[in-house]
1. Within region 83-124, track down each residue that is touching an Asp or Glu at 6+ places or on another chain (Cβ under 7 Å) and not charged (D, E, K, R).
2. From (1) more than 14 Å from the chain's Cα centre (by Cα); (2) assigned to a loop (DSSP other than H, G, I, E, B), pick out the condition that doesn't hold for residue 116.
3. Of all strands (runs of 3 or more DSSP E) completely enclosed by region 38-92, which ones contain at least 1 residues that are open to solvent by 50 Å² or more (accessible area, probe 1.4 Å) and touching a residue at least 40 places away in the same chain (Cβ under 8 Å)?
4. What about residue 101, is it part of a helix (DSSP H, G or I) and exposed (fewer than 15 other Cβ atoms within 10 Å of the Cβ)?
5. Determine if region 92-107 includes at least one residue that is over 18 Å from residue 41 (Cα atoms), modelled with pLDDT of 90 or more and of a type outside the set (D, E, K, R).
Amino acid sequence: SEILILEGTVVHGQALGRRFGFPTANLSLPDGQPLPEAGVYASVAVLEDGARCPAVTNVGARPGEVETNLMDFSGDLYGQRLRVELHQKLRGVHRFESMDALKAQIDRDREAARALLGNVKSAE
């Protein structure tokens, strides 16, 4: 399947992910950038310095809502250009009854993404 590439600048979001241990990079995309259908994708984030990092990317139902949880990475990405390669859709978007349910699903998404992506060079 074809890899879709999104590229944008990391901006401040609502910081919801950080509150429960999964900080995400919110991407501000150029107008007109084609987006895939809403859902959660196994992806690879490519940093400005070329480092590649396994990630899980959520493409929201609202237009232009894209956030990426970089695995094995800690650091400040605000203002950086980030390239995100969407490798495979893991699931659609749905609402969760609780933060615990959402957190458990994110854990599963991360495991599924790691399995699909194999040994992407981490940003360490």
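1. Within region 83-124, 90, 122, 123 meet the criteria.
2. The one condition residue 116 does not meet is (2).
3. The qualifying strands (runs of 3 or more DSSP E) are 52-59, 66-70, 81-91.
4. It is true that residue 101 is part of a helix (DSSP H, G or I) and exposed (fewer than 15 other Cβ atoms within 10 Å of the Cβ).
5. yes
The values are calculated or read from the model by the stated rules, or taken from the named source; none is laboratory data. Computed from a predicted structure; not experimentally measured. FYI the Cβ positions are ideal-geometry reconstructions off the backbone, even for glycines, and counts take in every protein chain you see. These area figures cover heavy atoms from the full protein model, side chains too; ligands, DNA and RNA do not enter into them. Shrake-Rupley method; radii C 1.70, N 1.55, O 1.52, S 1.80 Å.
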